[in-house]
Amino acid sequence: MRRLMPVLALGALLLTALPAHAADDPAHRASYGTKAPYRPEQSAGAYQRPPAGFEPVFTENVSRHGSRAATGSEDADLVLALWDKAQAQGRLTGKGEEFGPTVRALAAAMDKVGYGNLSGRGRQEMRDTATRMEQRLPTLFARIADQGEKIDVVSSGQGRAVDSAGEFTGALAAADPALKPLIGATRTDKDLLYFHKAAGGAAYRDYIAHDQRLKDTLNSIEDQPTTHEAAYSVLRRLFEEPFVDQISDSDQVGAAQAVYDLYAIAPAMSEESPDPDGKGWDMDRFISRSDAAWFGYLGDAEDFYEKGPGFSDSDITYRMADVLLDDFFRQVEAKRAGTSDLGAELRFTHAEEIIPLAALMGLPGSTDPATPGEPYTYTGNPWRGAAVAPLGANIQWDVHERDGRYVVRMLYNEKETPFKAGCRPIEEGSTFYDLNELERCFGRG
C-alpha cells in the first residue's frame, strides 16, 4: 500500500462495505484478494453438452501462475524487527509470543522455495487444472494424439509462469503419454503475456506513475479513520498497548499492512507448513476477520483502479489487453481457415494481464467501472480480486465444429461463463456461441 496523504476521510461510506465471509477454506476468502488460492468454480458433472453433432477440435487458455511465495522478504523483515524490539521490552501479548516464531518459519519456507517462485500448492494447482481440462475434453486430446496435432505453450518468460507451464503440460503428458512429443517447448512472448511491462503498455505505465486523479482517489480511500483503527487493532493483538503507542500513526499502518500481507500469502504456502494438524500456518489467529477484510478491501481498491475496470471515463487500465483477446480470436480463426496445425494453445501469465483482460471482455464481476468522484466500494461494486484473478485464475475457450460451423464455449476459472452483454448464444440458455456471432459482437469485421 502506498504512503498515505492527509485527505478527507470516506470512512462513513466504506465502513459498511466489508465483504461477506466465504464459507470455504480458507475462511473469508474475499479478504485474501488476488492472493486467494485457486479453486475450480464448477463441478465436473455440471457442464452443458455441446450441440448435437459438434465435436471438439481446439482448446485455448490463458492462466495466471499458481500459488507462490511472496515476491520479497520486506514484510517479514519489518514485522520481525518490530517483534524483536517488543520482546526485548517484554511487551508481547500471548498471540504475539506465537507470532514471531511463526513468521520466522514462514519466511524460511519462502526463502527455501525462492521468493516469487511457485509453492508446492501452486505446482499442484497447475497439475490439477490440466488434469481436469483433459478429463473435460477426452475426445479432443485423443484427436490431438491420433492426428499428431501440436500443443503450443507460451509464457511471459517470468520464472513462476514458466514453471506453471511446465507443471501444466507435464500433467497433460502424464494423463496421455502420446501427447508428450506433441507438446512444444515453452516459448516466451512478453508482448502478449507481459504487456504491462512491454511496448504496448507504455501509456499505461505513464498513467500509473503520473495520473493525479488516480493518486488522489487511492489516497482518499486509504487514508481514513477505519484504516488507522484497523492498523491499531492489528498491532494490539500482537503487542501491549504501551509498545503500540510508541509507534507513529503512519508506521502503525505500514506494520499492520505487513502483518496482513503475510496473512494473505500464507495459504499459498500451505504445503510448506510444518503443522501436522493440517492447519497450514494458521495466520488467522493473528488478525481479526474485520481487520483482514478491511486491508483486503484496500488491496482490491488499488487493483481495481490500477488494473481493472477503473474510472468510467477511461479504458487506460485494460485496453492494452486487446493484444491477448486478439490472439484468442486469431487462433480460432486459423483453425477454421485450415491454416493451423494446433490442437491446443496454452498461455501462462500474471494478474496484471488477467485482470485487464477480464475487464476488456466484460467478464462477470468486471463490468462496472467507478464513476469519478464516487469511489469503489464493496457495497457499490461487485469487483473482488479473489474472484476475478485468484492465484491460478484462467480463461478457456473450447471450440467445437460440425460441417464447417464453429461454436465456442468459454470457461472462467472452469465455470461455464456467458460472453459479454450483446453476444447471442446459439440458443437461449446455451453457453455455446457461434464464432461468427462472437466476431460480430467483439467488432472483428
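The values are calculated or read from the model by the stated rules, or taken from the named source; none is laboratory data. Source: prediction; values computed, not measured. When we count neighbours, we look across all protein chains shown, and the Cβ atoms used for this are built from the backbone with ideal geometry, even at glycine. Just so you know, the surface numbers come from the protein's heavy atoms only, side chains and all, with ligands and any DNA or RNA stripped out. Shrake-Rupley method; radii C 1.70, N 1.55, O 1.52, S 1.80 Å.
Before moving on, here are some points about what is shown:
- The distance between label points at Ser314 and Asp368 comes to 2.1 nm (points 7 Å beyond Cα on the Cα→Cβ vector).
- Average accessible area per residue (Å²) across the stretch 31-128 - probe 1.4 Å, nucleic acids and ligands excluded: 42 Å²
- Förster-model FRET efficiency, 30 Å R0, Ala175 and Arg402, C-beta, rounded to 0.05: 0.70
- Of the solvent-accessible surface of the chain, computed with a 1.4 Å probe over protein heavy atoms with every protein chain present, carbon and sulfur atoms account for 48 percent.
- Just so you know, the averaged projected area of the alpha carbon convex hull for the stretch 374-445 sits at 7.0 nm².
- Residue-averaged 222 nm ellipticity for the chain, from DSSP H runs of 4+ at -39500 (n - 2.57), nearest 500: -14000 deg cm²/dmol
- Cα-based shape type of the stretch 277-329, given that a ≥ b ≥ c are square roots of the gyration tensor eigenvalues and the cut on a/c is 1.5: oblate
- The calculated FRET efficiency for the pair Gln147 and Arg187, based on their C-beta separation and a Förster distance of 25 Å, comes to about 0.65.
- Potential lengthening of the chain between Asp249 and Glu97 amounts to 52.4 nm, from the contour at 0.36 nm per residue minus the alpha-carbon distance.
- Pairwise FRET efficiency - Thr379 versus Lys215, Cβ, R0 = 22 Å, nearest 0.05: 0.40
- Rolling a 1.4 angstrom probe over the protein heavy atoms with all chains in place gives the stretch 289-400 an accessible area of 27 Å² per residue.
- Its residues counted as N, the stretch 191-332 yields a C-alpha radius of gyration over 2.2 N^0.38 Å of 1.34.
- The chain - Rg over Rh from alpha carbon coordinates, Kirkwood radius: 1.00
- Overall size of the stretch 349-391 from C-alpha positions, given as principal axis extents largest first: 33, 18, 16 Å.
- Net lengthening on full extension, Cys423/Gln89 (0.36 nm per residue, minus Cα-Cα): 113.8 nm
- Relative protection proxy for 366-376, 391-401, from highest mean packing down: 391-401, 366-376 (other beta-carbon atoms within 10 angstrom).
- Bridge orientation summary for the chain: considering DSSP beta bridges with both residues in this region, about 60 percent are antiparallel.
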